[in-house]
Amino acid sequence: MSDQLIIFDTTLRDGEQSPGASMTKDEKLRIARQLERLKVDVIEAGFAASSNGDFDCVQAIANTVKDSTICSLARANDRDIARAAEALKGANRARIHTFIATSQLHMEKKLRMTPDQVLEQARQSVRFARNLCGDIEFSPEDGYRSDMDFLCRVLEAVIQEGATTLNIPDTVGYAIPELYGNFIRTLRERIPNSDKVIWSVHCHNDLGMAVANSLAGVKLGGARQVECTINGLGERAGNCSLEEIVMAVRTRRDYFGLDVNVDATQIVPASRMVSQTTGFVVQPNKAVVGANAFAHASGIHQDGVLKARDTYEIMRAEDVGWSANKIVLGKLSGRNAFKQRLQDLGIQMESEGEINTAFASFKELADRKSEIFDEDILALCSDESVTAEKEQFGLVSLSQHSETGERPHAQVVFTINGKEFQGASDGNGPVDASLKAIETHVKSGAEMLLYSVNAITSGSTESQGEVTIRLQQGGRVVNGVGADPDIVVASAKAYLSALNKLHSRAERVAAQG
(Lines give C-alpha, C1' and ligand atoms only; values in the text may rest on other atoms or scores of the structure.)
Protein backbone atom coordinates (compact mmCIF):
# COMPACT_ATOMS: atom_id res chain seq x y z
CA MET A 1 0.00 0.00 0.00
CA SER A 2 1.00 3.61 -0.52
CA ASP A 3 2.71 5.44 2.33
CA GLN A 4 0.98 8.68 1.30
CA LEU A 5 -2.19 9.75 3.13
CA ILE A 6 -4.57 11.81 1.00
CA ILE A 7 -6.23 14.72 2.81
CA PHE A 8 -9.73 15.35 1.45
CA ASP A 9 -11.15 18.63 2.82
CA THR A 10 -14.92 19.01 2.89
CA THR A 11 -15.18 22.26 4.86
CA LEU A 12 -16.93 23.96 1.94
CA ARG A 13 -19.47 21.15 1.52
CA ASP A 14 -20.09 19.06 4.65
CA GLY A 15 -18.75 21.76 6.98
CA GLU A 16 -21.13 24.29 5.47
CA GLN A 17 -24.07 22.11 6.52
CA SER A 18 -23.69 23.39 10.10
CA PRO A 19 -26.78 25.52 10.84
CA GLY A 20 -25.76 29.11 10.12
CA ALA A 21 -22.43 28.23 8.49
CA SER A 22 -23.48 28.79 4.87
CA MET A 23 -21.02 31.01 3.01
CA THR A 24 -21.12 33.44 0.13
CA LYS A 25 -19.30 32.76 -3.12
CA ASP A 26 -16.53 35.23 -2.22
CA GLU A 27 -16.10 33.64 1.21
CA LYS A 28 -15.89 30.16 -0.30
CA LEU A 29 -13.30 31.32 -2.82
CA ARG A 30 -11.20 32.89 -0.08
CA ILE A 31 -11.25 29.68 1.97
CA ALA A 32 -10.56 27.55 -1.13
CA ARG A 33 -7.44 29.61 -1.85
CA GLN A 34 -6.30 29.09 1.73
CA LEU A 35 -6.92 25.34 1.42
CA GLU A 36 -4.77 25.38 -1.71
CA ARG A 37 -2.09 27.22 0.25
CA LEU A 38 -2.48 24.55 2.93
CA LYS A 39 -1.79 22.01 0.15
CA VAL A 40 -4.73 19.75 0.82
CA ASP A 41 -4.97 17.06 -1.86
CA VAL A 42 -8.70 17.30 -2.58
CA ILE A 43 -11.13 20.18 -1.98
CA GLU A 44 -14.80 19.22 -1.99
CA ALA A 45 -16.09 22.58 -3.20
CA GLY A 46 -19.81 21.95 -2.87
CA PHE A 47 -22.88 20.17 -4.15
CA ALA A 48 -23.28 21.63 -7.65
CA ALA A 49 -26.77 20.28 -8.30
CA SER A 50 -28.27 21.59 -5.04
CA SER A 51 -28.71 25.19 -6.25
CA ASN A 52 -27.52 27.68 -8.85
CA GLY A 53 -25.51 29.36 -6.09
CA ASP A 54 -23.65 26.18 -5.20
CA PHE A 55 -23.04 25.46 -8.90
CA ASP A 56 -21.48 28.92 -9.31
CA CYS A 57 -19.27 28.35 -6.24
CA VAL A 58 -18.00 24.98 -7.47
CA GLN A 59 -17.38 26.42 -10.93
CA ALA A 60 -15.53 29.47 -9.58
CA ILE A 61 -13.31 27.33 -7.35
CA ALA A 62 -12.62 24.89 -10.20
CA ASN A 63 -11.55 27.81 -12.41
CA THR A 64 -9.39 29.41 -9.69
CA VAL A 65 -7.65 26.67 -7.69
CA LYS A 66 -5.01 24.82 -9.71
CA ASP A 67 -2.90 22.82 -7.24
CA SER A 68 -5.61 20.72 -5.56
CA THR A 69 -8.13 18.30 -7.05
CA ILE A 70 -11.57 19.96 -7.05
CA CYS A 71 -14.52 17.73 -6.19
CA SER A 72 -18.28 18.13 -6.36
CA LEU A 73 -20.79 15.97 -4.52
CA ALA A 74 -23.63 14.40 -6.52
CA ARG A 75 -26.47 12.08 -5.64
CA ALA A 76 -26.53 8.84 -7.58
CA ASN A 77 -28.57 10.11 -10.51
CA ASP A 78 -27.70 11.36 -13.98
CA ARG A 79 -28.91 14.93 -13.42
CA ASP A 80 -26.74 15.53 -10.34
CA ILE A 81 -23.72 13.89 -11.93
CA ALA A 82 -24.02 15.83 -15.19
CA ARG A 83 -24.39 19.09 -13.24
CA ALA A 84 -21.26 18.30 -11.21
CA ALA A 85 -19.28 17.51 -14.37
CA GLU A 86 -20.36 20.79 -15.95
CA ALA A 87 -19.32 22.81 -12.88
CA LEU A 88 -15.92 21.09 -12.81
CA LYS A 89 -15.00 21.69 -16.46
CA GLY A 90 -12.41 24.38 -15.65
CA ALA A 91 -10.52 22.31 -13.07
CA ASN A 92 -6.96 21.14 -13.66
CA ARG A 93 -7.92 17.98 -11.78
CA ALA A 94 -11.59 17.14 -11.22
CA ARG A 95 -13.41 14.51 -9.17
CA ILE A 96 -17.09 13.58 -9.01
CA HIS A 97 -18.18 12.21 -5.64
CA THR A 98 -21.45 10.31 -5.93
CA PHE A 99 -23.36 8.63 -3.11
CA ILE A 100 -26.43 6.56 -2.25
CA ALA A 101 -27.56 5.14 1.09
CA THR A 102 -26.96 1.42 1.70
CA SER A 103 -28.13 0.80 5.28
CA GLN A 104 -31.44 -1.04 5.66
CA LEU A 105 -32.83 1.86 7.69
CA HIS A 106 -32.00 4.46 5.05
CA MET A 107 -33.09 2.33 2.09
CA GLU A 108 -36.44 1.50 3.66
CA LYS A 109 -37.35 4.74 5.42
CA LYS A 110 -35.64 7.42 3.30
CA LEU A 111 -35.10 6.09 -0.20
CA ARG A 112 -38.03 3.64 -0.22
CA MET A 113 -35.98 1.41 -2.49
CA THR A 114 -35.14 -2.28 -2.37
CA PRO A 115 -31.52 -3.39 -2.01
CA ASP A 116 -31.49 -4.59 -5.62
CA GLN A 117 -32.71 -1.17 -6.80
CA VAL A 118 -29.99 0.57 -4.77
CA LEU A 119 -27.34 -1.76 -6.19
CA GLU A 120 -28.43 -1.05 -9.76
CA GLN A 121 -28.66 2.71 -9.12
CA ALA A 122 -25.11 2.74 -7.72
CA ARG A 123 -23.80 0.72 -10.65
CA GLN A 124 -25.44 2.89 -13.33
CA SER A 125 -24.46 6.15 -11.64
CA VAL A 126 -20.77 5.29 -11.41
CA ARG A 127 -20.83 4.07 -15.02
CA PHE A 128 -22.40 7.38 -16.15
CA ALA A 129 -19.97 9.46 -14.05
CA ARG A 130 -16.96 7.54 -15.37
CA ASN A 131 -17.87 8.62 -18.91
CA LEU A 132 -17.70 12.28 -17.80
CA CYS A 133 -14.71 12.30 -15.46
CA GLY A 134 -11.69 10.08 -14.89
CA ASP A 135 -11.68 10.39 -11.09
CA ILE A 136 -14.82 8.98 -9.42
CA GLU A 137 -15.41 8.60 -5.71
CA PHE A 138 -18.32 6.52 -4.44
CA SER A 139 -19.79 6.67 -0.94
CA PRO A 140 -22.39 4.27 0.49
CA GLU A 141 -24.18 6.68 2.82
CA ASP A 142 -24.57 5.27 6.34
CA GLY A 143 -22.09 2.64 5.18
CA TYR A 144 -20.94 1.66 8.66
CA ARG A 145 -24.49 0.62 9.65
CA SER A 146 -25.01 -1.33 6.41
CA ASP A 147 -25.23 -5.10 6.08
CA MET A 148 -21.72 -6.37 5.31
CA ASP A 149 -22.76 -8.83 2.59
CA PHE A 150 -24.87 -6.26 0.75
CA LEU A 151 -22.21 -3.55 1.11
CA CYS A 152 -19.60 -5.86 -0.40
CA ARG A 153 -21.87 -6.49 -3.41
CA VAL A 154 -22.36 -2.76 -3.99
CA LEU A 155 -18.69 -1.86 -3.60
CA GLU A 156 -17.50 -4.69 -5.84
CA ALA A 157 -19.98 -3.54 -8.51
CA VAL A 158 -18.93 0.13 -8.47
CA ILE A 159 -15.25 -0.83 -8.70
CA GLN A 160 -16.10 -2.83 -11.81
CA GLU A 161 -17.84 0.27 -13.22
CA GLY A 162 -14.74 2.43 -12.77
CA ALA A 163 -14.84 4.00 -9.28
CA THR A 164 -11.34 5.07 -8.24
CA THR A 165 -11.97 5.89 -4.56
CA LEU A 166 -14.32 4.12 -2.14
CA ASN A 167 -15.33 6.14 0.90
CA ILE A 168 -16.98 4.42 3.87
CA PRO A 169 -18.92 7.01 5.90
CA ASP A 170 -19.83 6.75 9.54
CA THR A 171 -22.64 9.15 8.71
CA VAL A 172 -24.17 9.36 12.19
CA GLY A 173 -21.02 9.04 14.32
CA TYR A 174 -21.96 5.57 15.63
CA ALA A 175 -18.59 3.83 15.19
CA ILE A 176 -16.03 2.74 17.77
CA PRO A 177 -12.35 2.95 16.64
CA GLU A 178 -11.38 -0.73 16.81
CA LEU A 179 -14.68 -1.88 15.29
CA TYR A 180 -14.57 0.72 12.51
CA GLY A 181 -10.96 -0.11 11.61
CA ASN A 182 -11.78 -3.80 11.45
CA PHE A 183 -14.89 -3.02 9.39
CA ILE A 184 -12.77 -1.33 6.71
CA ARG A 185 -10.22 -4.14 6.79
CA THR A 186 -12.96 -6.77 6.39
CA LEU A 187 -14.35 -4.96 3.34
CA ARG A 188 -10.90 -4.83 1.73
CA GLU A 189 -10.30 -8.51 2.45
CA ARG A 190 -13.67 -9.73 1.16
CA ILE A 191 -13.94 -7.69 -2.05
CA PRO A 192 -11.89 -9.35 -4.84
CA ASN A 193 -10.94 -6.13 -6.67
CA SER A 194 -10.35 -3.99 -3.57
CA ASP A 195 -6.73 -3.32 -4.52
CA LYS A 196 -7.85 -1.33 -7.58
CA VAL A 197 -9.17 1.63 -5.53
CA ILE A 198 -8.09 4.00 -2.79
CA TRP A 199 -10.06 3.42 0.40
CA SER A 200 -11.31 6.46 2.30
CA VAL A 201 -12.88 7.22 5.67
CA HIS A 202 -15.45 9.89 6.54
CA CYS A 203 -16.39 10.05 10.24
CA HIS A 204 -18.77 12.26 12.19
CA ASN A 205 -18.15 13.31 15.77
CA ASP A 206 -21.44 12.53 17.54
CA LEU A 207 -19.67 10.44 20.20
CA GLY A 208 -16.48 12.50 20.10
CA MET A 209 -14.50 9.84 18.23
CA ALA A 210 -14.35 11.11 14.64
CA VAL A 211 -10.56 11.56 14.66
CA ALA A 212 -9.95 8.29 16.54
CA ASN A 213 -12.24 6.39 14.17
CA SER A 214 -10.58 7.91 11.11
CA LEU A 215 -7.10 7.03 12.36
CA ALA A 216 -8.27 3.48 13.13
CA GLY A 217 -9.61 3.25 9.58
CA VAL A 218 -6.15 4.24 8.37
CA LYS A 219 -4.04 2.08 10.69
CA LEU A 220 -6.24 -1.02 11.09
CA GLY A 221 -8.28 -0.80 7.90
CA GLY A 222 -5.65 0.35 5.43
CA ALA A 223 -7.52 3.46 4.28
CA ARG A 224 -5.33 5.98 2.47
CA GLN A 225 -7.68 8.97 2.35
CA VAL A 226 -9.26 10.85 5.26
CA GLU A 227 -12.22 13.20 4.74
CA CYS A 228 -12.12 16.03 7.23
CA THR A 229 -12.85 19.72 7.86
CA ILE A 230 -11.03 22.74 9.30
CA ASN A 231 -11.81 23.05 13.03
CA GLY A 232 -13.94 19.88 12.75
CA LEU A 233 -16.74 22.05 11.34
CA GLY A 234 -19.90 20.19 10.38
CA GLU A 235 -23.51 19.44 11.16
CA ARG A 236 -24.52 18.18 14.59
CA ALA A 237 -21.27 17.55 16.54
CA GLY A 238 -19.11 18.13 13.48
CA ASN A 239 -16.70 16.15 11.31
CA CYS A 240 -13.24 14.71 11.71
CA SER A 241 -10.82 17.59 12.36
CA LEU A 242 -8.22 18.15 9.63
CA GLU A 243 -5.66 19.74 11.94
CA GLU A 244 -5.83 16.84 14.41
CA ILE A 245 -5.51 14.18 11.70
CA VAL A 246 -2.54 15.92 10.04
CA MET A 247 -0.62 16.54 13.24
CA ALA A 248 -1.36 13.06 14.64
CA VAL A 249 0.07 11.43 11.51
CA ARG A 250 3.06 13.80 11.39
CA THR A 251 3.84 13.66 15.11
CA ARG A 252 3.44 9.87 15.32
CA ARG A 253 5.00 8.91 12.02
CA ASP A 254 6.81 6.20 13.99
CA TYR A 255 3.42 4.51 14.43
CA PHE A 256 1.50 5.37 11.25
CA GLY A 257 4.44 5.34 8.83
CA LEU A 258 2.62 7.76 6.52
CA ASP A 259 3.36 11.11 4.90
CA VAL A 260 1.00 14.00 4.20
CA ASN A 261 1.44 16.78 1.65
CA VAL A 262 -0.11 19.43 3.90
CA ASP A 263 1.88 22.58 4.72
CA ALA A 264 1.20 22.55 8.46
CA THR A 265 2.31 26.17 8.93
CA GLN A 266 -0.93 27.16 7.16
CA ILE A 267 -3.16 25.32 9.64
CA VAL A 268 -3.70 28.17 12.11
CA PRO A 269 -4.37 30.78 9.36
CA ALA A 270 -6.92 28.39 7.84
CA SER A 271 -8.52 27.83 11.24
CA ARG A 272 -8.82 31.57 11.89
CA MET A 273 -10.26 32.22 8.45
CA VAL A 274 -12.93 29.52 8.75
CA SER A 275 -13.83 30.59 12.29
CA GLN A 276 -14.22 34.26 11.43
CA THR A 277 -16.06 33.55 8.18
CA THR A 278 -18.63 31.22 9.72
CA GLY A 279 -18.83 32.76 13.20
CA PHE A 280 -18.10 29.38 14.80
CA VAL A 281 -15.61 30.26 17.56
CA VAL A 282 -12.80 27.77 18.24
CA GLN A 283 -12.85 26.61 21.86
CA PRO A 284 -9.67 27.67 23.73
CA ASN A 285 -8.68 24.09 24.62
CA LYS A 286 -9.18 22.76 21.07
CA ALA A 287 -6.22 20.63 20.02
CA VAL A 288 -3.65 22.28 17.71
CA VAL A 289 -5.63 25.47 16.91
CA GLY A 290 -7.16 26.47 20.27
CA ALA A 291 -5.79 29.57 21.98
CA ASN A 292 -4.53 27.42 24.89
CA ALA A 293 -3.12 24.59 22.76
CA PHE A 294 0.47 25.66 23.51
CA ALA A 295 -0.12 27.59 26.76
CA HIS A 296 1.35 26.40 30.06
CA ALA A 297 -0.15 27.61 33.34
CA SER A 298 1.32 25.02 35.71
CA GLY A 299 4.58 26.14 37.33
CA ILE A 300 6.06 22.67 36.90
CA HIS A 301 5.15 22.67 33.20
CA GLN A 302 6.52 26.19 32.68
CA ASP A 303 9.79 25.25 34.33
CA GLY A 304 10.10 22.14 32.18
CA VAL A 305 9.35 23.95 28.92
CA LEU A 306 11.90 26.65 29.72
CA LYS A 307 14.58 24.01 30.29
CA ALA A 308 13.62 21.80 27.33
CA ARG A 309 10.42 22.45 25.41
CA ASP A 310 9.91 18.79 24.50
CA THR A 311 9.34 17.98 28.19
CA TYR A 312 5.75 19.11 27.74
CA GLU A 313 5.35 19.91 24.03
CA ILE A 314 5.11 17.18 21.39
CA MET A 315 4.68 19.77 18.60
CA ARG A 316 6.17 23.19 18.01
CA ALA A 317 3.65 26.02 17.92
CA GLU A 318 5.36 27.63 14.92
CA ASP A 319 5.08 24.36 12.94
CA VAL A 320 1.29 24.75 12.76
CA GLY A 321 1.32 28.50 12.12
CA TRP A 322 1.31 30.07 15.56
CA SER A 323 3.54 33.13 15.73
CA ALA A 324 5.12 34.65 18.82
CA ASN A 325 5.20 38.03 17.06
CA LYS A 326 1.58 38.85 16.31
CA ILE A 327 1.90 42.64 16.06
CA VAL A 328 2.20 43.43 12.39
CA LEU A 329 0.96 46.92 11.55
CA GLY A 330 0.06 50.27 13.07
CA LYS A 331 -1.39 53.63 12.09
CA LEU A 332 1.86 54.70 10.37
CA SER A 333 1.90 51.64 8.11
CA GLY A 334 1.42 52.31 4.41
CA ARG A 335 -0.82 50.78 1.79
CA ASN A 336 1.88 48.49 0.36
CA ALA A 337 2.65 47.02 3.78
CA PHE A 338 -1.06 46.46 4.34
CA LYS A 339 -1.45 44.85 0.92
CA GLN A 340 1.52 42.53 1.58
CA ARG A 341 0.05 41.48 4.92
CA LEU A 342 -3.24 40.63 3.20
CA GLN A 343 -1.31 38.32 0.89
CA ASP A 344 0.56 36.75 3.82
CA LEU A 345 -2.76 36.02 5.51
CA GLY A 346 -4.23 34.47 2.37
CA ILE A 347 -6.69 37.30 1.73
CA GLN A 348 -7.06 38.04 -1.96
CA MET A 349 -9.27 40.90 -3.08
CA GLU A 350 -10.69 41.11 -6.56
CA SER A 351 -9.93 44.77 -7.30
CA GLU A 352 -7.85 47.75 -6.23
CA GLY A 353 -11.09 49.39 -5.14
CA GLU A 354 -11.73 46.63 -2.59
CA ILE A 355 -8.16 46.95 -1.30
CA ASN A 356 -8.58 50.72 -0.97
CA THR A 357 -11.84 50.26 0.95
CA ALA A 358 -10.23 47.72 3.28
CA PHE A 359 -7.18 49.97 3.76
CA ALA A 360 -9.40 52.91 4.69
CA SER A 361 -11.13 50.72 7.28
CA PHE A 362 -7.72 49.61 8.55
CA LYS A 363 -6.53 53.21 8.99
CA GLU A 364 -9.74 54.07 10.81
CA LEU A 365 -9.20 51.11 13.14
CA ALA A 366 -5.53 52.04 13.65
CA ASP A 367 -6.57 55.50 14.84
CA ARG A 368 -8.67 53.86 17.55
CA LYS A 369 -6.39 50.92 18.40
CA SER A 370 -2.62 51.35 18.60
CA GLU A 371 -1.61 47.77 17.82
CA ILE A 372 -3.11 45.87 14.90
CA PHE A 373 -2.89 42.07 15.03
CA ASP A 374 -3.37 39.44 12.33
CA GLU A 375 -6.73 38.57 13.89
CA ASP A 376 -7.81 42.22 13.61
CA ILE A 377 -7.02 42.26 9.89
CA LEU A 378 -8.87 39.00 9.26
CA ALA A 379 -11.89 40.34 11.14
CA LEU A 380 -11.74 43.65 9.30
CA CYS A 381 -11.61 41.96 5.90
CA SER A 382 -14.47 39.61 6.70
CA ASP A 383 -16.53 42.48 8.13
CA GLU A 384 -19.64 43.25 6.13
CA SER A 385 -18.66 46.95 6.21
CA VAL A 386 -15.98 46.29 3.60
CA THR A 387 -18.65 45.27 1.10
CA ALA A 388 -21.52 47.25 2.55
CA GLU A 389 -22.39 48.75 -0.81
CA LYS A 390 -23.34 45.25 -2.01
CA GLU A 391 -25.58 44.51 0.97
CA GLN A 392 -29.18 45.31 1.76
CA PHE A 393 -28.41 46.51 5.30
CA GLY A 394 -25.43 48.60 6.45
CA LEU A 395 -24.44 50.47 9.62
CA VAL A 396 -23.88 54.23 9.41
CA SER A 397 -23.61 55.32 13.04
CA LEU A 398 -24.66 54.38 16.55
CA SER A 399 -25.01 56.30 19.79
CA GLN A 400 -26.18 54.90 23.08
CA HIS A 401 -26.52 56.03 26.67
CA SER A 402 -26.52 53.88 29.79
CA GLU A 403 -25.93 54.56 33.45
CA THR A 404 -26.62 52.76 36.70
CA GLY A 405 -30.29 52.96 37.66
CA GLU A 406 -31.41 54.24 34.25
CA ARG A 407 -32.84 52.25 31.33
CA PRO A 408 -30.33 52.21 28.44
CA HIS A 409 -31.26 54.04 25.22
CA ALA A 410 -29.78 53.73 21.72
CA GLN A 411 -30.08 55.53 18.39
CA VAL A 412 -28.90 53.74 15.26
CA VAL A 413 -28.55 55.14 11.75
CA PHE A 414 -28.40 52.41 9.12
CA THR A 415 -29.11 51.88 5.43
CA ILE A 416 -31.66 49.66 3.74
CA ASN A 417 -30.88 49.28 0.04
CA GLY A 418 -28.85 52.49 0.16
CA LYS A 419 -31.50 54.60 1.89
CA GLU A 420 -30.79 55.89 5.41
CA PHE A 421 -33.10 55.20 8.33
CA GLN A 422 -32.85 56.13 11.99
CA GLY A 423 -34.21 53.98 14.79
CA ALA A 424 -34.32 54.60 18.52
CA SER A 425 -35.28 52.33 21.39
CA ASP A 426 -34.81 51.57 25.07
CA GLY A 427 -33.60 48.14 26.14
CA ASN A 428 -32.44 45.97 29.01
CA GLY A 429 -28.87 46.90 28.09
CA PRO A 430 -27.10 48.95 25.41
CA VAL A 431 -26.87 45.96 23.06
CA ASP A 432 -30.53 45.10 23.49
CA ALA A 433 -31.49 48.74 22.93
CA SER A 434 -29.36 48.96 19.75
CA LEU A 435 -30.81 45.83 18.17
CA LYS A 436 -34.34 46.89 19.05
CA ALA A 437 -33.62 50.27 17.43
CA ILE A 438 -32.75 48.47 14.20
CA GLU A 439 -35.89 46.36 14.44
CA THR A 440 -38.12 49.45 14.67
CA HIS A 441 -37.72 49.74 10.87
CA VAL A 442 -36.64 46.26 9.76
CA LYS A 443 -39.35 44.30 11.59
CA SER A 444 -37.68 41.01 10.61
CA GLY A 445 -39.52 38.87 13.16
CA ALA A 446 -36.42 36.65 13.37
CA GLU A 447 -35.69 34.60 16.47
CA MET A 448 -32.23 35.03 18.01
CA LEU A 449 -30.70 31.62 18.74
CA LEU A 450 -27.23 32.75 19.78
CA TYR A 451 -25.42 35.86 20.95
CA SER A 452 -21.70 35.39 21.56
CA VAL A 453 -18.84 37.81 22.30
CA ASN A 454 -15.22 36.84 21.78
CA ALA A 455 -12.04 38.92 22.17
CA ILE A 456 -10.19 38.74 18.86
CA THR A 457 -6.83 39.28 20.53
CA SER A 458 -5.94 38.67 24.15
CA GLY A 459 -3.97 40.51 26.77
CA SER A 460 -5.52 43.97 26.56
CA THR A 461 -8.82 45.76 27.07
CA GLU A 462 -7.97 47.47 23.79
CA SER A 463 -8.76 44.25 21.91
CA GLN A 464 -11.45 44.21 19.28
CA GLY A 465 -14.58 42.38 20.25
CA GLU A 466 -16.02 39.90 17.79
CA VAL A 467 -19.76 39.30 18.11
CA THR A 468 -21.61 36.36 16.55
CA ILE A 469 -25.39 36.50 16.26
CA ARG A 470 -27.42 33.53 15.02
CA LEU A 471 -30.92 34.22 13.71
CA GLN A 472 -33.68 31.86 12.62
CA GLN A 473 -36.66 32.62 10.46
CA GLY A 474 -38.91 30.29 8.53
CA GLY A 475 -36.62 27.32 9.13
CA ARG A 476 -33.54 29.15 7.85
CA VAL A 477 -30.62 29.66 10.25
CA VAL A 478 -27.86 32.20 9.60
CA ASN A 479 -24.84 33.60 11.45
CA GLY A 480 -23.80 37.23 11.40
CA VAL A 481 -20.37 38.34 12.57
CA GLY A 482 -19.24 41.87 13.47
CA ALA A 483 -15.99 43.18 14.91
CA ASP A 484 -15.20 46.51 16.56
CA PRO A 485 -13.36 47.82 19.64
CA ASP A 486 -16.84 48.88 20.86
CA ILE A 487 -18.88 45.76 21.68
CA VAL A 488 -22.19 47.57 21.12
CA VAL A 489 -21.11 48.63 17.62
CA ALA A 490 -19.83 45.10 16.93
CA SER A 491 -23.23 43.77 17.99
CA ALA A 492 -25.07 46.09 15.59
CA LYS A 493 -22.72 45.06 12.76
CA ALA A 494 -23.28 41.37 13.54
CA TYR A 495 -27.05 41.82 13.61
CA LEU A 496 -27.09 43.63 10.27
CA SER A 497 -24.75 40.99 8.85
CA ALA A 498 -27.18 38.26 9.92
CA LEU A 499 -30.10 40.18 8.43
CA ASN A 500 -28.21 40.44 5.13
CA LYS A 501 -27.79 36.67 5.03
CA LEU A 502 -31.37 36.10 6.11
CA HIS A 503 -32.63 38.22 3.21
CA SER A 504 -30.17 36.74 0.72
CA ARG A 505 -31.67 34.86 -2.22
CA ALA A 506 -29.01 32.15 -1.98
CA GLU A 507 -30.46 28.65 -1.73
CA ARG A 508 -29.06 25.90 0.44
CA VAL A 509 -30.02 22.22 0.08
CA ALA A 510 -28.52 19.91 2.68
CA ALA A 511 -26.98 16.60 1.69
CA GLN A 512 -25.00 14.08 3.68
CA GLY A 513 -22.17 11.80 2.71
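The values are calculated or read from the model by the stated rules, or taken from the named source; none is laboratory data. Small disclaimer: the values here were computed from a predicted structure and weren't measured. Because the Cβ atoms are built from the backbone with ideal geometry, glycine has one as well, and the counts that use them run over all protein chains shown. Keep in mind that these areas ignore ligands, DNA and RNA; they rest on the heavy atoms of the full protein, side chains included. Shrake-Rupley method; radii C 1.70, N 1.55, O 1.52, S 1.80 Å.
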* Asked: What are the pairs, 6+ residues apart or on separate chains, where a residue within region 287-299 that is polar (S, T, N, Q) has its Cβ under 8 Å from a residue that is open to solvent by 50 Å² or more (accessible area, probe 1.4 Å) and modelled with pLDDT of 70 or more?
  -> ASN292/PRO284; ASN292/ASN285
* **region 128-143 - residue that is in a helix (DSSP H, G or I) and in contact (Cβ under 8 Å) with a residue 40 or more places away in the chain and, of those, farthest from VAL201 (Cα to Cα)** => PHE128
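Of all residues in region 50-104, which are modelled with pLDDT of 95 or more, of a type in the set (Gly, Ala, Ser) and over 27 Å from GLN117 (Cβ atoms)?
So in region 50-104, the residues modelled with pLDDT of 95 or more come out as 55-104.
After this cut, where a residue has to be of a type in the set (Gly, Ala, Ser) as well, the list is 60, 62, 68, 72, 74, 76, 82, 84-85, 87, 90-91, 94, 101, 103.
Listed by number, the residues that qualify are ALA60, ALA62, SER68, ALA87, GLY90, ALA91, ALA94.
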* Asked: If you scan region 95-111, which residues turn out to be of a type in the set (D, E, K, R) and open to solvent by 90 Å² or more (accessible area, probe 1.4 Å)?
  -> GLU108, LYS109, LYS110
* Is there any pair linking a residue in region 385-397 that is among the β-branched types (Val, Ile, Thr) to one that is modelled with pLDDT of 50 or more and in a helix (DSSP H, G or I), with Cβ under 9 Å and at least six apart or on different chains, and which? -> VAL386/GLU354; VAL386/THR357; VAL386/ALA358; VAL386/SER361; VAL386/LEU380; THR387/ASP26; THR387/GLU354; THR387/THR357
* Might you check whether a residue that is of a type in the set (S, T, N, Q), open to solvent by less than 10 Å² (accessible area, probe 1.4 Å) and closer than 16 Å to LYS39 by Cα occurs anywhere in region 269-276? => yes
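Looking at region 19-42 only, could you name the residues that are among the small types (Gly, Ala, Ser) and farther than 20 Å from VAL478 by Cα? Before you say what the answer is, go through the steps one by one.
First, the residues of region 19-42 that are among the small types (Gly, Ala, Ser): 20-22, 32.
Scanning region 19-42 gives a single hit, ALA32.
Given the residues ALA62, ALA45, which is the only one that is among the small types (Gly, Ala, Ser), farther than 30 Å from GLY474 by Cα and buried (at least 24 other Cβ atoms within 10 Å of the Cβ)? Talk me through it step by step, then tell me what you get.
Numbers: ALA45 fails: farther than 30 Å from GLY474 by Cα.
The unique qualifying residue is ALA62.
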* Select from region 350-369 the residues that are under 27 Å from the mean Cα position of the chain (by Cα) and modelled with pLDDT of 75 or more and list them in ascending order. => SER351, GLU354, ILE355, THR357, ALA358, PHE359, SER361, PHE362
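Yes/no matrix, rows are residues, columns are (1) modelled with pLDDT under 90; (2) open to solvent by 60 Å² or more (accessible area, probe 1.4 Å):
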residue: ALA237; (1), (2): no, no
residue: PHE280; (1), (2): yes, no
residue: GLY290; (1), (2): yes, no
residue: SER298; (1), (2): yes, no
residue: VAL305; (1), (2): yes, no
residue: ARG309; (1), (2): yes, yes
residue: MET315; (1), (2): yes, no
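For GLY173, are the conditions met, namely being more than 19 Å from ASP149 (Cα to Cα) and open to solvent by 10 Å² or more (accessible area, probe 1.4 Å)?
No: the conditions fail for GLY173.
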* **Unique residue being buried (at least 19 other Cβ atoms within 10 Å of the Cβ), over 22 Å from the mean Cα position of the chain (by Cα), modelled with pLDDT of 85 or more and aromatic (Phe, Trp, Tyr) when the list is PHE338, PHE393** => PHE393
* Go through region 184-221 and give me each residue that's outside any strand (DSSP E or B), open to solvent by 10 Å² or more (accessible area, probe 1.4 Å), of a type in the set (Val, Ile, Thr) and within 16 Å of ILE6 (Cβ to Cβ). => VAL197
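If you go through region 453-474 one residue at a time, do you hit one that is basic (Lys, Arg), open to solvent by 10 Å² or more (accessible area, probe 1.4 Å) and either touching a residue at least 60 places away in the same chain (Cβ under 8 Å) or in a strand (DSSP E or B) (or both)? Show your work before the answer.
Applying the first criterion (basic (Lys, Arg)) to region 453-474 yields 470.
From what is left, the residues that are open to solvent by 10 Å² or more (accessible area, probe 1.4 Å) are 470.
Checking the rest, the ones that are also either touching a residue at least 60 places away in the same chain (Cβ under 8 Å) or in a strand (DSSP E or B) (or both) come to 470.
Within region 453-474, one or more residues are basic (Lys, Arg), open to solvent by 10 Å² or more (accessible area, probe 1.4 Å) and either touching a residue at least 60 places away in the same chain (Cβ under 8 Å) or in a strand (DSSP E or B) (or both).
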* Scan region 1-36 for residues that are of a type in the set (A, V, I, L, M) and more than 17 Å from GLU235 (Cβ to Cβ) and jot them down. => MET1, LEU5, ILE6, ILE7, LEU29, ILE31, ALA32, LEU35
* Subset of region 239-257 (residues that are open to solvent by 10 Å² or more (accessible area, probe 1.4 Å) and in a loop (DSSP other than H, G, I, E, B)) -> ARG252, GLY257
* Of the criteria (1) of a type in the set (Val, Ile, Thr); (2) under 25 Å from HIS204 (Cβ atoms); (3) open to solvent by 10 Å² or more (accessible area, probe 1.4 Å), which one THR114 fails -> (2)
* Given the residues ALA264, ALA210, which is the only one that is of a type in the set (Gly, Ala, Ser) and touching an Asp or Glu at 6+ places or on another chain (Cβ under 7 Å)? -> ALA264
* To do: Could you check, for region 17-37, whether at least one of its residues is open to solvent by 10 Å² or more (accessible area, probe 1.4 Å) and of a type in the set (Gly, Ala, Ser)?
  => yes
* To do: Give me the pairs, please: first residue somewhere in region 173-192 and modelled with pLDDT under 95, second residue anywhere and assigned to a helix (DSSP H, G or I) and open to solvent by 30 Å² or more (accessible area, probe 1.4 Å), beta-carbon distance under 8 Å, and either six or more positions apart or on two chains.
  => PRO192/GLU156
* May I ask you to verify whether CYS152 is touching a Cys at 6+ places or on another chain (Cβ under 9 Å), buried (at least 17 other Cβ atoms within 10 Å of the Cβ) and among the hydrophobic types (A, V, I, L, M, F, W, C)? => no
